[in-house]
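Here's the structure, in structure tokens; my notes come after.
Just so it is clear, none of the values below were taken in a lab; they were calculated from the coordinates. Computed from a predicted structure; not experimentally measured. With ideal geometry, Cβ positions are generated from the backbone for all residues, glycine too; neighbour counts draw on all protein chains shown.
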């Protein structure tokens, strides 16, 4: 049953009727007679036959079931859900950029190549590193490249080494990327302040360690104050420092990774540099390196010869390639436009106001929600649900109840070092009124936990669907619509 | 300039609530040495109109109006207007990964539909929510085979698979140390040499990887390859840069493929200088726990209402950490949506019609070239791309492009033995005038040479 | 929370029931409660040889994944196939229908070094206080 403007809508496969013609660009020629071993024989049975208006309506209705950053605040820690400038959507669609084939001669792509060179230069300037590769399609792929570069560097010097050091607060992609590059992982515990200590790193650092992977500020939103000493200790044993740049929004114009001793880092353009999240991508995860690692960067490389830009494969020590072409160009374009719009002053201001906003939230919430670390927060703050334990209300319940108040939830249960973590990152594009509405909602929920915990525990109540049975989804996976099945919900629950 | 709304009054009120004198105080704990050197060396920002002018100027320096008969991994197709209208809806474009499913049902249901489309088209039982692109998807397929058959080490990979895809696989497996890539040559018909593969298969064979269509646009006979590798206990992987072919061509699943990978750009994504694309990835249901990437599953809510959630998450990086099936996190969500809308718009009939249109267009051009004396070296069936011998045009390729005609892609850059050959792609987007010009140029070697010398 | 007296236990929250020279192994009530709804169990093949402390499989819930560790050395003679379609048995009946593997014990003295019910109960109590 429909509720207000959130209409019902089945699967696209459950719409339409047999024989309806689809979108076409002209008369249909006779179908070719392919030899039997090559010919499709199911006539594409199962594909929908719907028509333009019903297709449009289908997806418009689906869109109305989503929250989005353009709908409401998304305070997800380490995701930097800042405003995605709509002008960039128009710029990405300029035919000169959107219709350009990647294999045209370089002379016919000078505009695109200037854009790529400009973005490479901008990321080098922000990071204080020397060379940039824009090919990785996401932060995780950038991280994988980072690990490959570490490996190539060490192999070139005699041996790949065996281990990578990773703080216990790290994002899950860190150990996954290390493993994919053939490294074992050694976890370094964070101290009582939530920070990596030089002593803890020194205890496990030796010549078998290829690299230390850090995030700065770390996943708790705290600046790793000992980073320079830590980096020096890693370098003293011939290791490299890889930085996960997910939290770059906290330090632009404040501290450069290159100055901290970082040798290689990845950026998330869909975080710090405002490209839209798209419901799960596309993003982009460029990598920047200090000069000694530049020769290992992927091919092709962008080079300038006699004032003209062109792609070069002349890189004998390159790790190879990660992408069919040059990376997610449409996303690179949007990030370039954002950086050009803001300029150096705008980027520095973004960081300052992001940190102001996060600290404002921290100040307003700390009396009510438990703050596990007194260490100063930068662009995000982490709370826990400890103060609600007496009412048997947990972080998950708070997150779900926030949805009823019209906000997306913060990141929950991460980082793992805080039990019941609630990680909140407002970003700089949120106004004080929005922050006040958000804190008011969280304070109300804390009050509800005391006076009416059942409402919080059974939340959400006002969304299109109530809490979903994730156990059932995993135990009895139904991963697609099937022609021969009836409605899957008709199976006994 | 930075899209920030703060007024001086706002800032003052917030500083007071925090209990500090200035924003600088919030950074006081960052080492002074770092702060002193942190100024970013970039110019000042631009207004929105100035930004627009700047990007228009850059766009204007790209020759996208040239008649380009280029495929080779990225294909020109018309996009229904509905696709962009949906992609421009902020509710889809600016949504996050659907970790809170109650407020993400739009994204989740669309991905469930995407997974269904991919499974149907590739003829396999389950598909994931997308990979970055076809090339990294191919690499991930090899990694998945390695998880399913631990201990086996040889990957047989066709030389007729797109060279950038082959390079990507090589990059991914290098760090593992326990996988060996071996080439399968192609024959004079443009197809992968089955006999050569058979001679190399053995108990250490992990998988075989073939393109369908392959880089030459040629349609392989996939079933015997799958049968041969199954006979030694290995897995069959197919890779497709132009999945429109499967509207007419037998699906990989129907030919015995265990994992099918494709680049989905043809289905509603602008070429956009090669990215973002979208990797389509499908396999058998029994292998689903080894499959990388996000997966959306159907379930019910507390009131029995049908809904969708991310599921089987325990394969993924945020839980398994170093034992994850992959490290993929953000994938190509909005691109998967584009594919879903596109395939819905064309539907069963529209897709077959479009494929027939492409097939006919490409074959008509090939026939006219043949009649004009331009030889095709490969005799095997093809879809919408084919190879011609045109040494003069290949040698003059850059200059012809500068004059407004991109005559396919010079294959000599990828295959030295095919120097002088051009890979020509013809789709529904190429008009009669452009086609006449292409044929005229290729059929008249002297014309290419004359053009080259001005 | 139940810890039957006739079983032996490990600090990795596995239980073992001795039947002659055979041992049947599963995870305890404490473990299934901590995991939450079990959605999948990955078990070894029949005939596999295990060493004490070695991983023999994986148990997955919605949010987490846990290795399963062999409490004693031995050779696997049976695995609980029902868990493939009904992993919830681990939650509902961890000591009965939720059993995981049966093995022939090759080092008898390893059984003696396992915790008894009282020892395991005390261990769980101390873990919960952390």
Could you work out how far helix B:8-18 tilts from the main Cα principal axis of chain B, as a 0 to 90 degree angle to the nearest 10? 70
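How much of the DSSP beta bridge set in the protein assembly as shown is antiparallel, as a percent to the nearest 5?
70
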Would any residue of segment C:33-60 have its amide N under 17 Å from a label point 7 Å out along Cα→Cβ of residue B:289? List them or say none. C:36-48, C:55-60
Whole-Å distance, taken between Cα centres, linking segment B:194-249 and segment A:385-416: 50
Hits in segment A:39-63: amide N under 12 Å from the 7 Å Cα→Cβ extension of residue A:18, namely A:45-46
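Among C:5, B:183, B:436, A:469, which comes first, then next, by fewest other beta-carbon atoms within 10 Å? Spell out each step's value before the answer.
Values: C:5 8, B:183 14, B:436 11, A:469 20.
Neighbour counts put them in this order, fewest first: C:5, B:436, B:183, A:469.
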Label-to-label distance, nm, for residues given as residue B:399 and residue A:57 (7 Å Cα→Cβ offset): 5.9
Need one word for chain B: rounded, prolate or oblate. Basis is the Cα gyration tensor (sqrt eigenvalues a ≥ b ≥ c); a/c below 1.5 gives rounded, then a/b vs b/c decides. oblate
Inter-probe distance in nm under a simple model that places probes 7 Å from Cα toward Cβ, at residue C:78 and residue A:416: 3.5
Using a/c under 1.5 as the rounded threshold, could you call segment A:1-107 rounded, prolate or oblate? The axes a ≥ b ≥ c are square roots of the C-alpha gyration tensor eigenvalues, and prolate needs a/b larger than b/c, oblate otherwise. oblate
Per the 1/(1 + (r/R0)^6) rule, R0 = 35 Å and r from the Cβ atoms of residue C:85 and residue C:126, FRET efficiency to 0.05 is 0.45
Roughly speaking, what is the centre-to-centre gap between segment C:67-102 and segment A:290-367 when only Cα atoms are used, to the nearest Å? 50
How far, in degrees from 0 to 90, does helix B:105-122 lean away from the longest principal axis of the Cα atoms of chain B, to the nearest 10? 20
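Kindly identify chain A as rounded, prolate or oblate by the Cα gyration tensor criterion: order the square roots of the eigenvalues as a ≥ b ≥ c, call it rounded if a/c is under 1.5, otherwise compare a/b with b/c, prolate if a/b is larger, else oblate. Don't skip to the answer; put the middle values down first.
On the way: a/c = 1.68, a/b = 1.07, b/c = 1.56.
Taking the square roots of the gyration eigenvalues as a ≥ b ≥ c, chain A is oblate.
If r is the Cβ-Cβ distance from residue B:183 to residue B:32 and R0 is 56 Å, what FRET efficiency results, to the nearest 0.05?
On the way: r = 57 Å, r/R0 = 1.03.
Once the sixth-power term is evaluated, E becomes 0.45.
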FRET efficiency for residue A:443 and residue C:113, using Cβ-Cβ distance with R0 set to 41 Å, rounded to 0.05: 0.15
In degrees, nearest ten, helix B:333-371 long axis to first principal axis of chain B (Cα): 20
What is the order of A:432, C:11, fewest Cβ neighbours within 10 Å to most? C:11, A:432
Between the alpha carbon centres of segment B:343-375 and segment B:23-56 the gap in Å comes to 52
I need A:317, A:82 ordered by Cβ neighbour count within 10 Å, fewest first. A:317, A:82
Quick check for you: which residues of segment A:155-173 have the amide N under 19 Å from the point 7 Å beyond the Cα of residue A:235 toward its beta carbon? A:157, A:165
